[in-house]
Amino acid sequence: FTMGARPIANLNALRFGAPEHPKTRHLVAGVVRGIGGYGNCVGVPTVGGETNFDPGYNGNILVNAMCVGLARTDKIFLSAAKGVGLPVIYVGSKTGRDGIHGATMASAEFDDKSAEKRPTVQVGDPFTEKLLIEACLELMATDMIIAIQDMGAAGLTSSTSEMADKGGVGIEIDLDHVPQREAGMTAYEMMLSESQERMLVILKPGREPEAETIFKKWGLDFAVIGRTTDTGRMIVKHKGVIEADLPVDKLANSAPQYERPWVPTPKPKMILPEWVPVPKAGANGMLATLRRMMGTEHLCSRRWIWEQYDHTVMGDTLQRPGGDAAVVRIHGTKKALAIACDVTPRYVLADPVMGTKQAIVETWRNLTAVGADPLAITDNMNFGNPERPEIMGQFVGACEAMKEACVFLKYPIVSGNCSLYNETNGKGIPPTPAIGGVGLIPDYAQTADIKLKREGDLLVLIGREQGHLGQSLYQLIETGKSEGAPPPVDLSDELKAGNLVRSLIREGKVTAVHDVSDGGLLVAIAEMALAGRAEGAQKPDAKWASEGTQKSAIGVEVYPYEGKLPAHAIWFGEDQGRYVLAAHPSTAEEVADRARLLGLPARIVGRAGGNALSLKGEAPLPLADLKAAHEAWLPTFMGG
């Protein structure tokens, strides 16, 4: 909202350590409570996200947050304080001692004494934040503002110097006028505090009384703390003493630019499907293996998490969490935004180039699967210590892959940040370039979701099948190992498949769409079945969620695979660029033929109907049993 946008949706990408780690359950509970407690109170829906469990995050979990807002293109506000003699206004909450050196802590490695750094964490107040949003947007509806910026990392120090530098001016502030909630604060503490819910505004001269009236109406502090100058210097006064006198350009722009030494990550070998053992239940135990996989921390339902978030506040959420992408209506129009976030850290650890490329195309596919034109991405680059050449090599590989994928797909990176030095006792996290994607749906009446809706529909798989089991969840769950190269990404295939899927959705040719990702084809089909709802049946409700009844779900008769690849590689391989589409029998072959005309393989892989998953030669898997396994893991884990 600093730029004039009203926040309309939040997402989060959470990475926790292994479930057996003694702190994991405590951290999951605290993070989810924090997201729900703040997000629910501030009145912005939390509409999606992802959650991973991996031993690589045992000492350093990641909580990445994404916010999407709507702004008028002719009412976008910037932070350049252009002009001399302009009043510098502090608004929002009072300044306290919380968050001092928060930015420093975020750029340091952790060790066994890191718990002592808790005072560097800011204390947030969502109710004040909501008031600040409304007050700032009201101010932005006037013509008073020259520049505006939030007080983020390093608080007043960064916001004052950055605004002055962008405007090519100096700035002079008097800390005696800064609203304070603690007694005896020093200039050092006030300048570095990262207390939340604070903004710095540069106003047109003489408009201070009008602006103050707005902020006082909303119960917020308003103080004139300084002026812009023509000196090019930042001067900080406190109790009549000049505490700092620095050239603005040096403070804002003279951070060292490093040429870190780096080494590329060695390319892992490709794992042939036959090298990975068949399911423990035997060659005919695909459905039993599916049930086991769906009941692990890697593939279990995240319902326990997202049900604690208000995902419907504001009344514009059209698709709840649990699908490929969230869909949020642009109020008062037929348009909607699709939003998703993704990365598969085990892929990136094995091959930063291919793994990061896959993160980009995964968001592309998720947006496409709901019928959206992918517009742009934001990135959150989470890595270990870049002073180590192998870590810097991961970062370089990720950046190069992002450029290649985004240029090819015309899918620009418009914002983002970096989180480095994510290490504890010298051990870094898996490289985690989290990608958030936003797409536009021209008419939300022409969208899709993953739910099977009609018995008798045929399921069409489009995309190349190579049975890639390297770095797959099947390999990890069945063998305890993550070995080999991640599945390769073909950007040309991704573009062709994505454009076709969007066309089919808008033409009404398909009734459900789901991309194939973690766990492979059989997992994608199972997720569509569990989410499905027969026409005229009741929507999933609390009873359905708690008792596991299956009146709302639709089973699938999965057609046997008749090719040359091992069956377990077909059902659980994580080949990229694939979608499962549900279509009426009269149009299913047309859907497949249109894919083939583009050079993309396509085949009919099943038929919707019944209350079980069935596969020739195996005992049917009742959806009630599958759902019980899928829903149970997380509540059981959190229940102790």
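The values are calculated or read from the model by the stated rules, or taken from the named source; none is laboratory data. No experiment lies behind these values; they were computed from the predicted model shown. Methodologically, a virtual Cβ is constructed for each residue, glycine included, from the backbone with ideal geometry; neighbour enumeration extends over all protein chains shown. Heavy atoms of the whole protein, side chains included, go into the accessibility calculation; ligands, DNA and RNA do not. Shrake-Rupley method; radii C 1.70, N 1.55, O 1.52, S 1.80 Å.
Of everything in the stretch 576-598, what is assigned to a loop (DSSP other than H, G, I, E, B) and either under 10 Å from VAL460 (Cβ atoms) or in contact with a helix residue (DSSP H, G or I) (Cβ under 7 Å, 6 or more places away or on another chain) (or both)? Give them in sequence order.
As a first pass, look at the stretch 576-598 and keep what is assigned to a loop (DSSP other than H, G, I, E, B): 576-578, 584, 598.
Those that are assigned to a loop (DSSP other than H, G, I, E, B) and either under 10 Å from VAL460 (Cβ atoms) or in contact with a helix residue (DSSP H, G or I) (Cβ under 7 Å, 6 or more places away or on another chain) (or both): GLN576, GLY577, LEU598.
Note on the stretch 301-340: residues that are in contact with an Asp or Glu (Cβ under 7 Å, 6 or more places away or on another chain) and without any contact (Cβ under 8 Å) to a residue 12 or more places away in the chain total 0. Taking helices (runs of 4 or more DSSP H) as the structural unit, those lying wholly within the stretch 483-569 and holding at least 3 residues that are within 27 Å of the chain's Cα centre (by Cα) and modelled with pLDDT of 95 or more correspond to 491-506, 521-531. Just one of the listed residues (ILE462, ILE477) is open to solvent by 20 Å² or more (accessible area, probe 1.4 Å) and β-branched (Val, Ile, Thr), and it is ILE477. For the stretch 1-56, taking the residues that are of a type in the set (Val, Ile, Thr) and assigned to a loop (DSSP other than H, G, I, E, B), the one that is least open to solvent (accessible area, probe 1.4 Å) is identified as VAL44. Any residue at all in the stretch 326-338 that is buried (at least 19 other Cβ atoms within 10 Å of the Cβ) and touching a Pro at 6+ places or on another chain (Cβ under 6 Å)? No, because not a single residue in the stretch 326-338 is buried (at least 19 other Cβ atoms within 10 Å of the Cβ) and touching a Pro at 6+ places or on another chain (Cβ under 6 Å). State whether one or more residues within the stretch 370-385 are touching a residue at least 24 places away in the same chain (Cβ under 8 Å), over 20 Å from ALA65 (Cα atoms) and part of a helix (DSSP H, G or I). Among the residues of the stretch 370-385, not one is touching a residue at least 24 places away in the same chain (Cβ under 8 Å), over 20 Å from ALA65 (Cα atoms) and part of a helix (DSSP H, G or I), which makes the answer no.
Is at least one residue of the stretch 398-414 farther than 28 Å from VAL558 by Cα, at pLDDT below 95 and open to solvent by 10 Å² or more (accessible area, probe 1.4 Å)? Talk me through it step by step, then tell me what you get.
Of the stretch 398-414, the ones farther than 28 Å from VAL558 by Cα are 398-414.
Pick out the ones that are also at pLDDT below 95 and you get none.
So far as the stretch 398-414 goes, no, none of its residues is farther than 28 Å from VAL558 by Cα, at pLDDT below 95 and open to solvent by 10 Å² or more (accessible area, probe 1.4 Å).
Applying the condition of being surrounded by fewer than 23 Cβ atoms within 10 Å (Cβ to Cβ), among the hydroxyl-bearing types (Ser, Thr, Tyr) and under 15 Å from the mean Cα position of the chain (by Cα) to the stretch 415-436 and asking which residue is farthest from GLU362 (Cα to Cα) yields SER419.
Tally the residues that are β-branched (Val, Ile, Thr) and either crowded, with 22+ Cβ neighbours inside 10 Å or not in a helix (DSSP H, G or I) (or both), restricting the search to the stretch 121-130. Break it down into steps so the answer makes sense when it comes.
Going through the stretch 121-130, the residues β-branched (Val, Ile, Thr) turn out to be 121, 123, 128.
From the residues that got through so far, the ones that are either crowded, with 22+ Cβ neighbours inside 10 Å or not in a helix (DSSP H, G or I) (or both) too are 121, 123.
Result for the stretch 121-130: 2.
Inspect all residues belonging to the stretch 437-450 and state whether any of them is open to solvent by less than 60 Å² (accessible area, probe 1.4 Å), assigned to a loop (DSSP other than H, G, I, E, B) and over 30 Å from LEU613 (Cα atoms). The answer is yes; a qualifying residue exists. Within the stretch 23-42, residues that are over 13 Å from LYS130 (Cβ atoms) reach partners that are open to solvent by less than 50 Å² (accessible area, probe 1.4 Å) and among the β-branched types (Val, Ile, Thr) with beta carbons closer than 6 Å, at six or more positions or on different chains, in the pairs LEU27/ILE61; VAL32/ILE305. Close Cβ contacts (under 6 Å, 6 or more residues apart or on different chains) running from residues in the stretch 194-212 that are more than 15 Å from GLY92 (Cα to Cα) to residues that are at pLDDT 95 or above and in a helix (DSSP H, G or I) comprise LEU203/ALA211. How many residues are open to solvent by 80 Å² or more (accessible area, probe 1.4 Å), of a type in the set (Lys, Arg) and over 16 Å from LEU200 (Cα atoms) when one looks only at the stretch 217-254? Result for the stretch 217-254: 4. When the test is whether a residue is buried (at least 18 other Cβ atoms within 10 Å of the Cβ), more than 16 Å from the chain's Cα centre (by Cα) and touching a residue at least 40 places away in the same chain (Cβ under 8 Å), LEU287 passes it. The set of residues from the stretch 365-390 being open to solvent by 10 Å² or more (accessible area, probe 1.4 Å) and touching a strand residue (DSSP E or B) at 6+ places or on another chain (Cβ under 6 Å) comprises ASP373, PRO374, LEU375, ALA376, THR378, ASP379, ASN380, ASN385. Scanning the stretch 578-596 for residues that are open to solvent by 10 Å² or more (accessible area, probe 1.4 Å) and within 22 Å of VAL489 (Cβ to Cβ) gives a single hit, ARG596. Beta carbons closer than 7 Å, at least 6 apart along the sequence or on distinct chains, pair a first residue in the stretch 249-261 that is touching a residue at least 12 places away in the same chain (Cβ under 8 Å) and under 30 Å from THR229 (Cα atoms) with a second that is open to solvent by less than 90 Å² (accessible area, probe 1.4 Å) and hydroxyl-bearing (Ser, Thr, Tyr) for LEU251/SER161; ALA252/SER161.
Taking only the stretch 231-284 into account, find how many residues are over 29 Å from GLU162 (Cα atoms) and under 33 Å from the mean Cα position of the chain (by Cα).
Start the filter on the stretch 231-284 by keeping residues that are over 29 Å from GLU162 (Cα atoms), which leaves 261-284.
Filter once more, keeping what is under 33 Å from the mean Cα position of the chain (by Cα): 261-273, 276, 279.
Result for the stretch 231-284: 15.
Number of residues in the stretch 615-631 that are in contact with a strand residue (DSSP E or B) (Cβ under 8 Å, 6 or more places away or on another chain) and buried (at least 20 other Cβ atoms within 10 Å of the Cβ): the value is 4. Here PRO273 fits the description: at negative phi, at pLDDT 90 or above and out of contact with any His (no Cβ under 6 Å at 6 or more places or on another chain).
Please go through the stretch 143-155 and pick out each residue that is touching a residue at least 60 places away in the same chain (Cβ under 8 Å) and buried (at least 21 other Cβ atoms within 10 Å of the Cβ). Steps first, please.
Restricting attention to the stretch 143-155, the residues satisfying the condition of being touching a residue at least 60 places away in the same chain (Cβ under 8 Å) are 143-150, 155.
Within the stretch 143-155, ILE146, ALA147, ILE148, GLN149, GLY155 meet the criteria.
Being open to solvent by 10 Å² or more (accessible area, probe 1.4 Å), more than 30 Å from ASN611 (Cα to Cα) and in a loop (DSSP other than H, G, I, E, B) is the requirement here; does LYS453 meet it? Criteria not met by LYS453.
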